[in-house]
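Okay, structure first, notes after.
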Amino acid sequence: MPNSLLMNSRILICFGALLALTSTLNCRAETAHATFWCISLRFHQAKANGATLDISSVPGPPFNGELFPYNGDTYAGYFYLTTSQGTINGALYVDLPPFADTDSNGFDDFFEIGLAAGGTTSGSFQTAVGNGAVTAAWNRAAGSKDGTCAIDLNSPTFGDLGRFSLPFEVLSYSGPLTYTPGTNIVTGGIELAQTGNPASLIGGPVEFVKSATNRFNMLFLQPGVWTNAAAQNLIYTNEVFERDTRWPTNYYGYVDFEDGDPSTPAPDYYTWVLSIDDLNDANHNSIPDFSDDPIAAPPRPALSLALTSTNLLLTVRGEVGQTNLLQQTSSLTGTNWQTTGTIVLTNSPQVVPLDLPASQPRFWRLRTQ
């Protein structure tokens with residue numbers, strides 16, 4: 001029986017199904033988890049004994065609530081103390097609680113929402129008519145982005161200016177970072193939701209260029225633009241990201257925006273920390289796929305069929321060690337593909353004998369696992 005007649009009447013190999021089910025590994029998108037927080041704090045107005053206290057990083061009103069890093073643990077901002085007698089304003093300097101890392105991940109507990117933070121610190125303030133001392137009692141419960149900072153202002157000139165319990169929040173987001181591994185460049189996208197306010201979103205494309213001399217442990221975030229829930233553009237510049245071998249699945253670095261909160265009148269909330277945790281490790285070499293060299297694509301599979309006097313010979317060419325399911329059906333219009341065996345390639349090419357169909361058409365395909 002000629003091969004052409006055999007193929008037309010009884011037997012067909014489904015090449016299309018095989019090729020569609022076999023993908024190149026170095027083009028596969030993967031997902032890491034990202035945590036993102038601003039190193040500035042957002043304060044809200046406090047009231048006490050008929051007076052109000054506001055914090056801002058720019059002269060107000062309006063006040064943007066930002067207390068920003070000034071020097072080490074010391075944070076700074078303008079303060080506005082308004083009473084019935086008028087307003088006292090100046091510069092406020094106050095320390096955050098000392099660095100703590102109870103979960104040993106390298107990040108300050110103060111900015112990790114899942115951990116509690118607190119303590120009493122000191123500081124100072126300066127006004128046009130004199131300076132004074134500040135005492136601050138910080139408290140934020142585990143699992144909450146919101147806390148309170150009870151500030152006491154004492155002036156040698158005016159005496160005790162009062163104790164104000166100011167609500168503050170850590171601006172923290174988390175969500176997936178989907179990326180495609182690359183030899184020199186890692187591209188992807190990030191989608192982050194605010195802790196405690198999931199409707200507030202930040203996200204957009206990301207591109208990292210690997211260091212030419214330390215590509216597994218150092219990458220350079222390229223400039224780009226994200227958007228927030230109000231569809232405002234958040235333009236950021238390039239920054240260095242590193243992987244610390246003490247925490248080998250984590251990458252961390254800064255994201256510096258031209259304006260981290262476009263809803264306020266002036267640029268503010270510039271600097272944020274992006275922590276990327278990637279548990280993907282396709283080749284199990286303890287280097288996450290985020291910075292590892294992509295796995296080379298396996299050989300593209302190929303099938304051929306030969307007829308003998310007693311049976312058919314299916315020749316499979318592909319990646320040695322690859323497991324394939326041999327499936328068959330009597331109709332290409334149906335969905336009832338039955339698995340008739342498993343083929344593990346021990347060499348390439350590899351020949352697999354098949355029985356001749358009895359009386360009805362028969363179609364075969366390989367499904368890679």
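Read-outs throughout are calculated quantities, based only on the coordinates presented, and are distinct from any laboratory measurement. It should be emphasised that the depicted structure is a prediction, and the values quoted were computed from it without experimental measurement. Neighbour counts are summed over all protein chains in view; Cβ atoms, including those assigned to glycine, are modelled from backbone coordinates with ideal geometry.
General remarks:
- From most to least packed by mean Cβ count within 10 Å, the peptides 158-164, 309-315, 250-256 give 250-256, 158-164, 309-315.
- Contact order normalised by residue count of the chain, Cα under 8 Å, 6+ apart, percent: 16 percent
- Local net charge near residue 33, Cβ-Cβ under 12 Å (Lys/Arg +1, Asp/Glu -1): -4
- Fewest-first sequence of 337, 226 by Cβ atoms within 10 Å of each Cβ: 337, 226
- Across the options 321, 183, 205, the greatest Cα extent toward the positive end of the charge dipole of the chain (unit charges at beta carbon of Lys, Arg, Asp, Glu) belongs to 321.
- Here the contact order of segment 173-296, divided by its residue count and restricted to Cα pairs under 8 Å and six or more residues apart, works out to 19 percent.
- Of 279, 217, 351, farthest towards positive along the dipole that unit charges on Lys, Arg, Asp, Glu beta carbons give the chain: 351
- The distance between label points at residue 87 and residue 49 comes to 2.1 nm (points 7 Å beyond Cα on the Cα→Cβ vector).
- Size of electric dipole in the chain: Cβ of Lys, Arg +1 and of Asp, Glu -1, about Cα centre, debye, nearest 20: 1860 debye
- Test item: Cα-centred dipole of segment 247-369, Lys/Arg +1 and Asp/Glu -1 on Cβ, debye: 1560 debye
- Given charges at Cβ of Lys, Arg, Asp, Glu: the chain dipole, positive-most of 32, 127, 263: 32
- When only alpha carbons are used to place a centre, segment 198-226 and segment 42-121 end up 29 Å from one another.
- Ranking of 66, 30, 258 by neighbouring Cβ atoms within 10 Å, starting from the fewest: 258, 30, 66.
- Taken over segment 166-271, the percentage of Cα pairs per 10 Å bin, counting from 0 up to the bin with the maximum distance, is 14, 43, 32, 11, 1.
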